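The values are calculated or read from the model by the stated rules, or taken from the named source; none is laboratory data. It should be emphasised that the depicted structure is a prediction, and the values quoted were computed from it without experimental measurement. Cβ coordinates were reconstructed from backbone atoms using ideal geometry, including for glycine residues, and neighbour counts include every protein chain displayed. Just the protein is used for accessible areas: all its heavy atoms, side chains included, with ligands, DNA and RNA removed. Shrake-Rupley method; radii C 1.70, N 1.55, O 1.52, S 1.80 Å.
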Amino acid sequence: MDKYLIVGLGNIGDEYANTRHNTGFMVLDAFAKASNIIFEDKRYGFVAHTSIKGRAVTLLKPSTFMNLSGNAVRYWMNKDKVCMENILVIVDDVAIPLGKLRMRKNGGAGGHNGLGHIESVLCSQEYCRLRMGIGHDFPIGMQINYVLGEFDDEEKNVLAPAIETACEMIKSFVLCGADFTMNAFNKKH
């Protein structure tokens, strides 16, 4: 059976729940709700298991905080015996306009500390990532306040369809692979 690890990056705790930096968690929460599955508090994170047409899928929201996400990814990758090309990491990105999505099969961290830690722990950039645009409407030097700030109502209206599309992209990634998913979705979003 093919096995997949879908990781949504964010920070645990109520104070972070609706922040821009938790967009990865928001996507996995929406996917789990639509799939009628529940996260359990496990080692290094909140984990849910499901299957999509015979393919085993582990959803992971690391509890290690953003900047130590690699520890959780490595643990669940090894525990569930998931190969690198079957890992998808969902992350917020200030360099992409709010509501836009970009999937890549590999690449650098782009200044994102969560991706940077995953890269250093796995000793590789060869894992797939789905970047969720959160925009960059902040003054110079205020990026931390921006990403740890909450979406306003207008932003939530833009984000909601992007989260739905991200859930479709997860299914496509599992069923059809990264190349098909990138070709099908990157141009549209």
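Structure summary
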{"item": "Per residue solvent-accessible surface (Å²) - the chain, probe of 1.4 Å", "result": "48 Å²"}
{"item": "Relative contact order (percent, whole number), region 98-189, Cα cutoff 8 Å, 6+ residue spacing", "result": "41 percent"}
{"item": "Sequence of Leu68, Leu60 from largest to smallest accessible area, 1.4 Å probe", "result": "Leu68, Leu60"}
{"item": "Charged-residue dipole, Cβ positions (Lys, Arg, Asp, Glu), the chain about Cα centre, Debye nearest 20", "result": "820 debye"}
{"item": "Rounded to 5, the percent of DSSP beta bridges in region 1-134 classed as antiparallel", "result": "50 percent"}
{"item": "Rg/Rh (Cα only; Kirkwood hydrodynamic radius) as it applies to region 49-94", "result": "0.98"}
{"item": "Cα radius of gyration and Dmax for region 99-166 (Å)", "result": "13.8, 39"}
{"item": "Hydrodynamic radius (Kirkwood) for region 1-91, which is based on Cα pairs only, to one decimal in Å", "result": "13.0 Å"}
{"item": "Members of Lys79/Lys187; Lys33/Lys105; Lys42/Lys187; Lys81/Lys187 lying beyond 30 Å, as alpha-carbon distances in this model show", "result": "Lys79/Lys187; Lys42/Lys187; Lys81/Lys187"}
{"item": "Equivalent ellipsoid semi-axes, the chain, via Cα gyration tensor eigenvalues times 5, rooted, Å", "result": "23, 18, 17"}
{"item": "Pairwise label distance in nanometres, Ala34 with Asp153, each label 7 Å out on the Cα-Cβ vector", "result": "2.6 nm"}
{"item": "Extension reserve of the Arg104-Phe138 stretch, reckoned as 0.36 nm per residue once the Cα distance is removed", "result": "9.7 nm"}
{"item": "Burial ranking of peptide ranges 70-76, 149-155 (average Cβ count within 10 Å, highest at the top)", "result": "70-76, 149-155"}
{"item": "Farthest toward positive dipole pole in the chain [+1 Lys/Arg, -1 Asp/Glu at C-beta], among Ile52, Ala166, Gly114", "result": "Ile52"}
